[in-house]
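What follows is a short report on a single structure.
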Amino acid sequence: MVFRLDNKKKILLVIIIVAVIAVVQWYVREEVTAFTAKDYEGLTVGMSERAVTIALGKRSKLIYENTRNDGVLVSAYMWTNPDGSFVEARFENGKLKQKTERGLFAKDK
(Lines give C-alpha, C1' and ligand atoms only; values in the text may rest on other atoms or scores of the structure.)
Protein backbone atom coordinates (compact mmCIF):
# COMPACT_ATOMS: atom_id res chain seq x y z
CA MET A 1 0.00 0.00 0.00
CA VAL A 2 1.47 3.34 -1.07
CA PHE A 3 0.30 6.61 0.46
CA ARG A 4 0.27 9.58 -1.82
CA LEU A 5 -0.17 13.04 -0.39
CA ASP A 6 -1.15 16.08 -2.35
CA ASN A 7 0.55 19.40 -1.58
CA LYS A 8 -2.12 20.57 0.87
CA LYS A 9 -1.82 17.38 2.91
CA LYS A 10 1.98 17.63 2.88
CA ILE A 11 1.82 21.19 4.18
CA LEU A 12 -0.67 20.19 6.88
CA LEU A 13 1.54 17.27 7.92
CA VAL A 14 4.59 19.54 8.20
CA ILE A 15 2.62 22.04 10.30
CA ILE A 16 1.45 19.27 12.65
CA ILE A 17 4.99 17.89 13.03
CA VAL A 18 6.42 21.35 13.76
CA ALA A 19 3.67 22.01 16.31
CA VAL A 20 4.31 18.71 18.09
CA ILE A 21 8.06 19.39 18.22
CA ALA A 22 7.44 22.89 19.60
CA VAL A 23 5.14 21.58 22.34
CA VAL A 24 7.61 18.85 23.33
CA GLN A 25 10.50 21.33 23.47
CA TRP A 26 8.45 23.76 25.58
CA TYR A 27 7.47 20.95 27.97
CA VAL A 28 11.03 19.68 28.36
CA ARG A 29 12.43 23.18 28.84
CA GLU A 30 9.80 23.95 31.50
CA GLU A 31 10.50 20.65 33.23
CA VAL A 32 14.27 21.08 33.55
CA THR A 33 14.52 24.83 34.16
CA ALA A 34 16.03 25.07 37.64
CA PHE A 35 15.57 27.86 40.14
CA THR A 36 18.50 29.13 42.19
CA ALA A 37 19.30 30.38 45.69
CA LYS A 38 18.99 33.90 44.27
CA ASP A 39 15.44 33.13 43.12
CA TYR A 40 14.66 31.85 46.61
CA GLU A 41 16.12 34.95 48.26
CA GLY A 42 13.88 37.08 46.03
CA LEU A 43 10.75 35.57 47.59
CA THR A 44 9.31 37.90 50.21
CA VAL A 45 6.48 37.50 52.69
CA GLY A 46 3.28 38.91 51.21
CA MET A 47 4.02 37.94 47.58
CA SER A 48 1.11 36.43 45.68
CA GLU A 49 1.05 32.76 44.70
CA ARG A 50 1.27 33.91 41.08
CA ALA A 51 4.44 35.95 41.72
CA VAL A 52 6.09 33.01 43.52
CA THR A 53 5.11 30.69 40.67
CA ILE A 54 6.63 33.08 38.15
CA ALA A 55 9.86 33.25 40.19
CA LEU A 56 10.22 29.48 40.69
CA GLY A 57 8.47 28.02 37.66
CA LYS A 58 5.11 26.50 36.90
CA ARG A 59 5.91 22.96 38.00
CA SER A 60 4.82 22.91 41.63
CA LYS A 61 3.17 20.25 43.73
CA LEU A 62 0.32 21.07 46.09
CA ILE A 63 1.26 19.67 49.51
CA TYR A 64 -1.91 20.67 51.33
CA GLU A 65 -4.79 23.08 51.27
CA ASN A 66 -7.27 23.74 54.05
CA THR A 67 -9.56 26.47 55.28
CA ARG A 68 -9.04 27.29 58.96
CA ASN A 69 -11.92 27.95 61.36
CA ASP A 70 -11.34 31.68 60.95
CA GLY A 71 -11.93 31.38 57.19
CA VAL A 72 -8.29 31.76 56.12
CA LEU A 73 -7.31 29.50 53.22
CA VAL A 74 -3.94 27.92 53.97
CA SER A 75 -2.04 26.18 51.18
CA ALA A 76 1.48 24.86 50.72
CA TYR A 77 3.37 24.06 47.54
CA MET A 78 6.71 22.46 46.72
CA TRP A 79 8.99 23.18 43.77
CA THR A 80 11.75 20.65 43.11
CA ASN A 81 14.85 21.05 40.95
CA PRO A 82 16.23 18.16 38.88
CA ASP A 83 19.11 17.84 41.40
CA GLY A 84 16.67 17.30 44.30
CA SER A 85 16.97 20.74 45.90
CA PHE A 86 13.57 22.21 46.68
CA VAL A 87 11.53 25.11 47.99
CA GLU A 88 8.38 24.85 50.05
CA ALA A 89 6.11 27.86 50.37
CA ARG A 90 3.10 28.32 52.65
CA PHE A 91 0.38 30.78 51.70
CA GLU A 92 -2.52 32.31 53.57
CA ASN A 93 -5.32 33.63 51.36
CA GLY A 94 -2.95 33.52 48.39
CA LYS A 95 -0.13 35.51 50.02
CA LEU A 96 3.27 34.07 50.94
CA LYS A 97 3.48 33.56 54.68
CA GLN A 98 6.55 31.30 55.04
CA LYS A 99 9.25 29.79 52.83
CA THR A 100 11.83 27.05 53.35
CA GLU A 101 14.47 25.49 51.14
CA ARG A 102 16.80 22.55 51.12
CA GLY A 103 19.92 22.16 49.02
CA LEU A 104 19.92 25.48 47.17
CA PHE A 105 22.70 27.19 49.07
CA ALA A 106 24.87 24.08 49.37
CA LYS A 107 25.20 23.81 45.59
CA ASP A 108 26.18 27.49 45.23
CA LYS A 109 29.33 26.97 47.33
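The values are calculated or read from the model by the stated rules, or taken from the named source; none is laboratory data. If you're wondering where the values come from, they're calculated on a predicted model, not measured in any experiment. Calculation scope for accessible area: heavy atoms of the full protein, side chains included, ligands and nucleic acids excluded. Shrake-Rupley method; radii C 1.70, N 1.55, O 1.52, S 1.80 Å.
Over the chain, what is the mean sequence separation of C-alpha contacts under 8 Å (at least six apart), divided by residue count, expressed as relative contact order in percent? Kindly include the intermediate steps, with their values, before the conclusion.
On the way: 135 pairs, mean separation 22.6, N = 109.
Relative contact order of the chain: 21 percent.
At a 1.4 Å probe, what is the % contribution of carbon and sulfur to the accessible area of the chain?
On the way: 4800 of 8170 Å².
That fraction is 59 percent.
Over the Cα atoms of the chain, what radius of gyration and what Dmax do you get, in Å?
20.8, 70
Taking θ = phi - 60°, what integer Hz values does the Karplus form 6.51 cos²θ - 1.76 cosθ + 1.60 yield along region 52-60, in sequence order, with x for Gly and Pro?
Couplings: 5, 4, 5, 5, 9, x, 6, 7, 10 Hz.
Spelling out what I want: for every residue of region 44-50, take phi, set θ = phi - 60°, compute 6.51 cos²θ - 1.76 cosθ + 1.60 (Karplus), and round to whole Hz; glycine and proline get x.
10, 4, x, 5, 6, 4, 4
Under a 1.4 Å probe, what is the accessible area of region 63-109 per residue, stated in Å²? The partial results should precede the final answer.
Working: 2930 Å² over 47 residues.
Per-residue accessible area for region 63-109 comes out at 62 Å².
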